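Comments concern the structure below.
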Amino acid sequence: MSEDLIARLSQDLRPLPRFMVARRLLVGAILGLLVSAALVAAIVGVRPDIGQAVGKTMFWGKLVYALALAAMALWACERLARPAGDARGRIGWLFAPVLALAAAAGWQFAHAPAAARAPMLMGHSASVCPWLILAFSLPPLGGLVWAVRGLAPTRLRLAGLMVGLAAGGAGAAAYALHCDEMAAPFLVVWYTLGVAAAGVVGWSLGPRVLRW
Amino acid sequence: MLRSLAGDAAAYRRLLAGLRERLDVYFRQRLRSDPAQAEDLVQETLMAVHAKRATFDTNQLVTAWTYAIARYKLIDHMRRSGRRRFTPIDEEHDLAAEDESAAADARLDLTRGLTGLSAHARDLVVSVKLRGEPIADVARRTGASEGAVKVTVHRGFMKLAARLRGRGDGK
């Protein structure tokens with residue numbers, strides 16, 4: 001009877017588009033990101049000074065940081081969505097954006113007068129920032145769960161963690177349209193915390209939601 | 001596998017038939033008490049191989065990829081039937097190594113791995129590591145110094161090991 005099955009399966013053989021894994025992940029991530037950006041605009045609003053902000057380095061720095069985290073985690077997902085895919089080398093790259101921003105934050109911190117340091121770290125939104133990032137990472141989380149469970153992850157916790165971190169990065173990028181904090185020390189602590197929280201959510205949901 | 005992915009149905013049929021044999025052994029060995037269930041899982045795994053063939057990475061080994069799917073299906077089955085005698089899914093564990101068909105797989109994988117080496121390095125690795133010839137003999141036969149033979153064998157062996165670990169591109 002498995003002869004029949006083999007015959008049936010080989011008749012059903014259609015050539016597949018290349019880069020199927022990457023494509024599916026990108027579709028899930030980008031759709032989720034667009035939904036998040038729309039929700040940011042609708043619920044908390046785009047920052048009113050967006051016109052001037054686009055001229056500032058830190059506005060772009062924030063976006064680049066968030067998107068870099070998302071990209072690195074997605075790159076790891078590209079391996080973890082495959083049976084026996086080994087993502088060890090790729091997961092390590094997640095630390096690159098964090099270390100780069102931490103270096104920038106350290107530099108800013110060291111060159112600031114003592115009185116300016118606490119506001120640099122705490123801004124005016126530290127108590128809500130990670131929570132909002134976590135909330136806005138839910139749409140990309142949904143998109144990526146859809147993408148990954150349609151592939152074939154075999155290490156569901158680890159895949160869940162990377163899916164969560166990628167969603168967190170996308171959520172942080174969407175939230176950056178609202179957030180007007182401009183200090184690197186603030187970012188490296190609170191943005192990273194929000195993204196990590198999304199990672200924890202993915203890690204804990206992975207075994208349940210990524211099954212196929 | 002590569003030709004199958006490009007749409008060569010005959011190659012694909014041969015591939016599936018070969019995998020079927022391995023999966024038969026794999027599941028029958030793990031579900032000795034329940035051959036019917038083992039057969040179901042073989043079929044389920046073959047269907048998954050088919051449905052998920054886009055997730056095969058051309059740098060991977062077909063056997064490693066297939067066994068990962070088989071292990072996933074087995075654990076899934078264990079979970080559903082409420083028994084957990086097997087290793088959790090997250091544990092990195094080379095199941096192929098404890099398999100009756102391991103020798104055959106090892107040969108297949110080894111052949112594939114060895115094709116990644118130069119003819120010279122391949123000859124030395126096969127002589128020293130597989131046939132167990134003394135380094136001195138190999139050095140005399142090939143006219144190279146013992147040190148050079150050792151270095152070539154070591155490098156070739158490392159490359160082979162990296163490949164067999166399923167990290168064809170080093171990452």
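Any read-out appearing in this document is the output of simple, stated calculations on the displayed coordinates, not a laboratory observation. Predicted, not measured: the structure shown is a model, and the values here were computed from it. As a convention, Cβ positions derive from the backbone with ideal geometry for all residues, glycine included, and neighbour counts pool all protein chains shown.
Considering the dipole of segment B:116-164 built from charges on the beta carbon (Lys and Arg +1, Asp and Glu -1) around the Cα centre, which of B:A148, B:A161, B:G132 is farthest to its positive end?
Checked the options; the winner is B:A161.
Per residue of A:85-91, count partner chain C-beta atoms within 10 Å of its C-beta, then hand back the mean as an integer. Don't skip to the end; give the middle numbers.
On the way: counts 8, 10, 1, 3, 4, 1, 0.
Per residue, the number of nearby Cβ atoms from other chains is 4 on average.
Could you go through segment A:104-112 in sequence order and give the Karplus-derived ³J(HN,Hα) for each residue, using 6.51 cos²θ - 1.76 cosθ + 1.60 with θ = phi - 60°, rounded to whole Hz, and x for Gly and Pro?
4, 5, x, 5, 4, 4, 5, 9, 9
If you plug each phi of segment A:188-205 into the Karplus form 6.51 cos²θ - 1.76 cosθ + 1.60 with θ = phi - 60°, what whole-Hz ³J(HN,Hα) values come out, in order, with x for Gly and Pro?
Going residue by residue, I get 5, 7, 7, 5, 4, 4, x, 5, 5, 4, 4, x, 5, 4, x, 4, 7, 8 Hz, with x marking Gly and Pro.
For the protein assembly as shown, compute Rh as the Kirkwood radius over C-alpha pairs and then the Stokes-Einstein diffusion coefficient at 25 °C and 0.890 mPa s; write the answer in µm²/s, rounded to an integer. Don't skip to the end; give the middle numbers.
Values: Rh = 23.6 Å.
Calculated translational D: 104 µm²/s.
Loop only per DSSP, at most 10 neighbouring Cβ atoms within 10 Å: give me the trypsin sites (Lys or Arg not before Pro) in segment A:1-49, ordered by residue number. Intermediate results must be reported in sequence, preceding the final value.
Details: sites: A:R8, A:R18, A:R23, A:R24; in loops: A:R18.
Here the sparse-neighbourhood loop sites are A:R18.
Give the Kirkwood hydrodynamic radius (Å, one decimal) of segment A:120-212, defined as one over the mean of 1/r across all pairs of different Cα atoms. Write down the numbers at each step before the final one.
Values: mean 1/r = 0.0759 Å⁻¹.
About 13.2 Å for segment A:120-212.
Find the percent of Cα-Cα distances in chain A that exceed 28 Å, and round it to a whole number.
Values: 7441 of 22366 pairs.
Looking at chain A, the distances longer than 28 Å represent 33 percent of pairs.
Give me the distance between the Cα centres of segment A:23-100 and segment A:136-150, rounded to whole Å.
Segment A:23-100 and segment A:136-150 have Cα centres spaced 13 Å from each other.
Say we join alpha carbon atoms closer than 10 Å with springs in a Gaussian network model of chain A; which of A:G92, A:G32, A:G123 then has the biggest fluctuation?
Comparing A:G92, A:G32, A:G123 in a Gaussian network model of chain A, the most mobile one is A:G92.
Give the lysines reachable from B:K159 as a straight Cα distance under 26 Å; neighbours fewer than 8 places away on the same chain don't count.
Candidates past the 8-residue exclusion: B:K129, B:K150, B:K171.
Using alpha-carbon pairs under 8 Å, 6+ residues apart, how would you state the relative contact order of segment A:123-179 in percent?
Values: 37 pairs, mean separation 30.9, N = 57.
Contact order relative to length: 54 percent.
Please list 3J(HN,Hα) in residue order for segment B:42-52, calculated via the Karplus relation 6.51 cos²θ - 1.76 cosθ + 1.60 where θ = phi - 60°; whole Hz, with x for glycine and proline.
So the J values, rounded to whole Hz, are 4, 5, 4, 5, 4, 5, 5, 4, 5, 5, 9.
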